[in-house]
Amino acid sequence: MDISRRELFKMAGVAAFGAAVGQFNVAEAKPKKILKLNAAPVVGSKNVTGQKFSGTAAKVYFTDKIDAPHLIKLYNRINGEIYGKVGIKLHTGEPHGPNILPRDMVRAFQAQIPNSNIIETNTLYGGARYTTEGHRETLRTNGWDFCDVDIMDEDGGVNLPVHGGKHLKEVTMGKNLINYDSIVVLTHFKGHAMGGFGGSLKNIAIGMASGQVGKVQVHGYKLPEMPPPGPVWFDGTMPLKEKFMELMADSGKATCDYFGKRIVFLNVMRRLSVDCDCAGTSAAEPTMADVGILASNDILAIDQACCDLVYTATDSKDLRERIESRHGLRQLSAMAELKMGNPQYELISVD
């Protein structure tokens with residue numbers, strides 16, 4: 001059954017959309033039905049790429065059920081190239097952050113991936129995760145003590161090349177990143193004070209960069225037009241705007257190129273605050289209902305699909321305003337221009 005974005009937009013919110021997806025697959029399945037979404041974003045957004053697409057579409061798997069069994073089910077659809085030592089890139093959050101992913105869900109997920117552990121890096125901004133010592137205390141506070149957590153820049157960084165980047169020729173990642181054979185990017189999709197939204201791109205572009213070198217590069221901190229860290233970075237008046245999104249795309253490309261097919265992406269659309277988990281207890285309370293979990297081997301397709309689901313939702317006004325005020329959709333078009341993935345996708349329900 002093919003459903004246009006306009007028809008999706010008429011559905012009563014994201015929860016109804018999720019239920020409808022499940023209904024289509026149960027009533028008419030065998031094989032599962034595919035929801036084909038056009039390349040352009042939904043009504044209320046804009047064509048972020050300015051291009052017309054034809055040909056193949058990436059596969060993005062979807063469930064509206066947010067729990068460990070469904071997270072594992074989705075992962076099993078995309079993990080064919082994952083092997084060896086596996087790093088699970090997770091945003092572990094500031095102390096007592098109310099929106100971080102449920103620990104029990106992540107614990108059950110990690111237990112299903114042999115030879116895996118969580119990977120993180122220290123922050124650029126001063127706070128609880130600025131030093132490795134403080135970061136480890138925060139990990140204990142937030143309950144991330146059920147497996148090893150590798151703070152990858154504890155002993156410095158490693159430079160990865162950015163092939164054909166818009167601004168960066170290389171970016172400094174946490175030194176231990178190259179110790180991993182494969183990466184599973186497990187992302188809490190939500191808003192972000194600088195990027196508009198934080199999806200899979202943000203999770204690897206900023207989240208894997210070393211705290212005192214790589215994050216400076218990605219944030220453009222040393223560029224003439226970028227002031228020191230302060231309120232201007234977060235209140236929507238940051239001068240870089242689209243250039244910041246391009247820097248994130250450059251950084252994400254370095255990691256995607258390095259791991260090739262050995263990196264996969266899962267976005268969990270729950271607790272959809274306009275703020276990132278780095279805001280901790282000061283994060284705004286979500287005003288949008290939970291959506292579900294998405295999984296793909298394509299970083300652009302999964303972040304594009306999440307943005308489309310935000311724009312489809314009738315209760316997403318606050319998150320849409322955050323995305324647009326920060327020029328966040330430039331993340332998607334920059335990834336497309338860097339050929340990091342396919343903005344055209346099929347959303348496939350697994351329920």
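The values are calculated or read from the model by the stated rules, or taken from the named source; none is laboratory data. Quick caveat: nothing in here was measured; it's all calculated off a predicted structure. Cβ coordinates were reconstructed from backbone atoms using ideal geometry, including for glycine residues, and neighbour counts include every protein chain displayed.
Values computed for the structure shown
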{"item": "Filtered residues of region 231-255 (kept if closer than 14 Å to Tyr221 by Cβ, aliphatic (A, V, I, L, M) and in contact (Cβ under 8 Å) with a residue 24 or more places away in the chain)", "result": "Met238, Leu247, Met248"}
{"item": "Residue list for region 132-143, filter: assigned to a loop (DSSP other than H, G, I, E, B) and touching a Gly at 6+ places or on another chain (Cβ under 9 Å)", "result": "Asn142"}
{"item": "Residues of region 281-305 satisfying the condition of being aliphatic (A, V, I, L, M), out of contact with any Pro (no Cβ under 6 Å at 6 or more places or on another chain), farther than 20 Å from His70 by Cβ and in a helix (DSSP H, G or I)", "result": "Ile299"}
{"item": "Per-region count, region 70-113, residues modelled with pLDDT of 95 or more, over 20 Å from Ser296 (Cβ atoms), outside any helix (DSSP H, G or I) and small (Gly, Ala, Ser)", "result": "1"}
{"item": "Qualifying residue in region 114-128 (condition: part of a loop (DSSP other than H, G, I, E, B), at pLDDT 95 or above and within 17 Å of Leu71 (Cβ to Cβ))", "result": "yes"}
{"item": "Residue within region 313-321 that is buried (at least 20 other Cβ atoms within 10 Å of the Cβ), at negative phi and at pLDDT below 95 present", "result": "yes"}
{"item": "Single match in Asp318, Asp275 (criterion: part of a helix (DSSP H, G or I), out of contact with any Asp or Glu (no Cβ under 8 Å at 6 or more places or on another chain) and not aliphatic (A, V, I, L, M))", "result": "Asp318"}
{"item": "Breaking point among (1) crowded, with 19+ Cβ neighbours inside 10 Å; (2) at pLDDT below 95; (3) aromatic (Phe, Trp, Tyr), for Trp144", "result": "(2)"}
{"item": "Condition check for Cys278: at pLDDT below 95 and either within 18 Å of the chain's Cα centre (by Cα) or buried (at least 18 other Cβ atoms within 10 Å of the Cβ) (or both)", "result": "yes"}
{"item": "Selection count, region 231-272, where residues are in contact with a Pro (Cβ under 6 Å, 6 or more places away or on another chain) and surrounded by fewer than 24 Cβ atoms within 10 Å (Cβ to Cβ)", "result": "1"}
{"item": "Residue in region 295-302 that is more than 30 Å from Gly127 (Cα to Cα) and surrounded by fewer than 23 Cβ atoms within 10 Å (Cβ to Cβ) present", "result": "yes"}
{"item": "Residue check for Ile204: closer than 24 Å to Val106 by Cα, touching a residue at least 12 places away in the same chain (Cβ under 8 Å), of a type outside the set (Ser, Thr, Tyr) and buried (at least 16 other Cβ atoms within 10 Å of the Cβ)", "result": "yes"}
